[in-house]
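Only one structure is covered here, and it is reproduced in the block below.
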Amino acid sequence: MTIGLVAGGRQFPVLVAQGVKANGHKLVVAGFSGHTNMDVASHADVWMELKLGKLNKLIKFFKENGVERVIMAGTINKPKIMDVRHLDMRAMKLVFKRKDKGDSTLLNALAEEFESEGMLIAPAHELVPELLSCKGVLTSREPDEREMEDIRFGWKLAKELGRMDIGQCIVVREGIVAAVEALEGTDETIRRGCRYGGKGSVIVKVFKPGQEERIDLPSIGVDTIQTMVEEEGTCLAYEAGKSLFFDREEAVRIADKAGISIIGLTQDDLG
């Protein structure tokens with residue numbers, strides 16, 4: 001099988017590329033100047049670097065190389081995607097014919113573009129299942145009673161915000177919302193939220209209702225925990241089985257050293 005990888009930043013696209021090759025598939029990779037972790041290129045059978053927003057060129061490249069399935073992995077700077085100077089006509093139609101320009105809406109629309117050309121979207125985590133987050137307390141310290149109350153409160157709000165396709169992460173302290181994720185991403189949301197909420201802030205990250213599981217699972221990792229250490233957040237709750245956890249062992253080690261609690265929960269756990 002020939003798999004096309006739309007590669008963004010950080011380590012995820014490299015891990016996916018390694019998984020594709022380990023499973024014996026041909027790998028066609030498209031990267032983007034200033035966004036992609038270029039280490040992924042060494043794993044590709046066919047590689048092309050594109051400018052962000054050149055959707056028609058991307059689809060043509062995949063079709064010319066016989067791509068049957070498409071995987072999207074890695075971070076992309078959304079504000080730069082929205083800059084019309086970067087968009088070709090196909091991308092402009094995809095973006096601007098929709099009133100709602102939330103992450104899930106745009107990613108779903110992008111998936112539809114590929115599938116309209118006969119290329120199915122494949123879930124990246126199927127090739128790296130070890131990244132799927134697990135359920136339960138990962139750290140030596142469990143959340144205390146106050147933190148659990150904040151988790152329950154924050155989880156409900158995060159799900160409602162997710163329904164509106166706003167963000168995946170919320171920072172709470174003692175029943176007060178300190179920050180809600182928008183364009184800035186999780187780490188910056190944590191920084192802002194902990195500065196407002198102060199020491200003891202709780203971070204909740206969930207899967208958005210209606211989110212496309214094949215292309216946009218929430219992710220956490222060492223950077224998430226390191227940011228919490230710097231800003232004195234004390235507890236992280238994530239949605240187990242519906243998020244990715246990178247460098248889990250190292251993240252837990254850092255959390256234990258700082259007294260941070262990490263817990264994976266499901267919707268059923270919270271009712």
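The values are calculated or read from the model by the stated rules, or taken from the named source; none is laboratory data. All figures in this text were calculated on a predicted structure; none of them were measured in a lab. Methodologically, a virtual Cβ is constructed for each residue, glycine included, from the backbone with ideal geometry; neighbour enumeration extends over all protein chains shown.
The lone criterion from (1) closer than 29 Å to M72 by Cβ; (2) out of contact with any helix residue (DSSP H, G or I) (no Cβ under 9 Å at 6 or more places or on another chain); (3) without any contact (Cβ under 8 Å) to a residue 40 or more places away in the chain left unmet by Y196 is number (1). Among the numbered conditions (1) modelled with pLDDT under 90; (2) outside any helix (DSSP H, G or I), the only one that E142 does not meet is (1). Do we have D216 as in a loop (DSSP other than H, G, I, E, B) and on the phi > 0 side of the Ramachandran plot here? For D216, the condition - in a loop (DSSP other than H, G, I, E, B) and on the phi > 0 side of the Ramachandran plot - is not met. Within the option set D223, D150, being outside any strand (DSSP E or B) and in contact with a strand residue (DSSP E or B) (Cβ under 8 Å, 6 or more places away or on another chain) holds for one residue only, D150.
Within the stretch 88-125, restricting attention to residues that are within 22 Å of Y238 (Cα to Cα) and in contact with a strand residue (DSSP E or B) (Cβ under 9 Å, 6 or more places away or on another chain), the residue that is modelled with the highest pLDDT is P123.
Candidates V46, V29, V6: the one that is modelled with pLDDT of 90 or more and under 22 Å from T186 (Cα atoms) is V6.
Out of the residues in the stretch 51-61 that are crowded, with 17+ Cβ neighbours inside 10 Å and under 23 Å from the mean Cα position of the chain (by Cα), which is nearest to M119 (Cα to Cα)? Within the stretch 51-61, the match that is nearest to M119 (Cα to Cα) is I59. The residues on offer are C134, C169, and the sole one that is under 17 Å from I262 (Cα atoms), within 23 Å of the chain's Cα centre (by Cα) and either loosely packed, with under 15 Cβ neighbours inside 10 Å or outside the structural domain of G233 (by TED's automatic domain parsing) (or both) is C134. Considering the stretch 15-38, the residues that are in contact with a Ser or Thr (Cβ under 9 Å, 6 or more places away or on another chain) and not in a loop (DSSP other than H, G, I, E, B) include one that is surrounded by the fewest Cβ atoms within 10 Å (Cβ to Cβ), namely K26.
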